[in-house]
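Just below is one structure, and these are the notes that go with it.
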Amino acid sequence: MKIAFVGKGGSGKTTLSSLLIRHLVASGAPVVAIDADINQHLGPALGLGEEEAAALPAMGGQLSLIKDYLRGTNPRIASAATMIKTTPPGEGSRLVGVREPNPVYDACARPVELDGGAARLMVTGPFTDADLGVACYHSKTGAVELFLNHLVDGPGEYVVVDMTAGSDSFASGMFTRFDMTFLVAEPTRKGVSVYRQYKEYARDFGVALKVVGNKIQDPDDLDFLREEVGDDLLVTVGRSDWVRAMEKGRPPRFALLEEANAHALDLLRATVDATYEQRDWERYTRQMVHFHLKNAESWGNERTGADLAAQVDPHFVLGESVAAPA
């Protein structure tokens, strides 16, 4: 199950995503955690020290390896160099799962020990000195989008992605790659403005969106969010001594998380799991192709010198019925 956390910068989306990752791992579920935010705070939120987090291998730095592996023997892709962030899989492509070992995980993922188990953590990587002034951050997140395009995940398996802040996620088709998107909103006009943007942009793509109210201090805050987001408000969370200790680098055992916040995480997981029966792999594949053709026409064909529309396998539908990842 693929889960995105989005929201205004400072809303608490990284904190909430890290709590759900801990919650899932504590239950014994296999989890891949991906930091796709420019600020790269997910590692520290999961307990890594600054030096450990800085040493994580950037997915963007392994893009050639990722492309070469995922290409497999797909005859429609002339070379790994002609693959772009939106390239869809087809017959002969290598697919990836949540639990398996593969060269992509070997190069890009590192285990993060948490209470009761571990999550695989992958990061896009921060801007480098060479990027400053010349590169768009979405060139970094392209590796994540390509990975998700080739991912076959099933029930009880989780990929949790901490996305870029605000509406920047719509600079690519990655916003359609998830079973559930949780938008973390504070009870402020700025907090709900991101919700309105996301709701509007996602309307035509069948994006499952729920709001998690954060930093709720009193009944007036709750009433404000209910008035602004209506039935999309799933749950709210308030002040947490556990989170405060975690932010100081001294988290207690996860089992000591406040009962109300633990119940909120239970609800997030149940909401994600309930989407499994509504999965539509044909629509998922169709949207993947839609954004690939848009990117090919806009810049991809010129950049690669190839007709990227020819990479589309019209008979291929990604899904659990496809052969198990190689």
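Here are the numbers for the structure shown:
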| quantity | calculated |
| --- | --- |
| Within the range 129-165, considering residues that are closer than 16 Å to His41 by Cβ and open to solvent by 10 Å² or more (accessible area, probe 1.4 Å), the one modelled with the lowest pLDDT | Tyr137 |
| The listed residue being open to solvent by less than 60 Å² (accessible area, probe 1.4 Å), of a type in the set (D, E, K, R) and at pLDDT 90 or above, out of Asp241, Asp223, Asp232, Asp218 | Asp232 |
| Looking only at the range 173-191, and only at residues there that are under 26 Å from Met1 (Cα atoms) and β-branched (Val, Ile, Thr), the one that is surrounded by the fewest Cβ atoms within 10 Å (Cβ to Cβ) | Thr176 |
| Selection count, the range 42-73, where residues are surrounded by fewer than 20 Cβ atoms within 10 Å (Cβ to Cβ), free of Cβ contacts under 8 Å to residues at least 40 places away in the same chain and touching a strand residue (DSSP E or B) at 6+ places or on another chain (Cβ under 9 Å) | 2 |
| Residues of the range 23-45 satisfying the condition of being among the β-branched types (Val, Ile, Thr) and not in a loop (DSSP other than H, G, I, E, B) | Val25, Val31, Val32, Ile34 |
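The values are calculated or read from the model by the stated rules, or taken from the named source; none is laboratory data. Fair warning: this is a prediction, and the values are worked out from it, not measured in the lab. Neighbour counts are summed over all protein chains in view; Cβ atoms, including those assigned to glycine, are modelled from backbone coordinates with ideal geometry. Side chains are part of the model used for accessible areas, which takes the heavy atoms of the whole protein and leaves out ligands, DNA and RNA. Shrake-Rupley method; radii C 1.70, N 1.55, O 1.52, S 1.80 Å.
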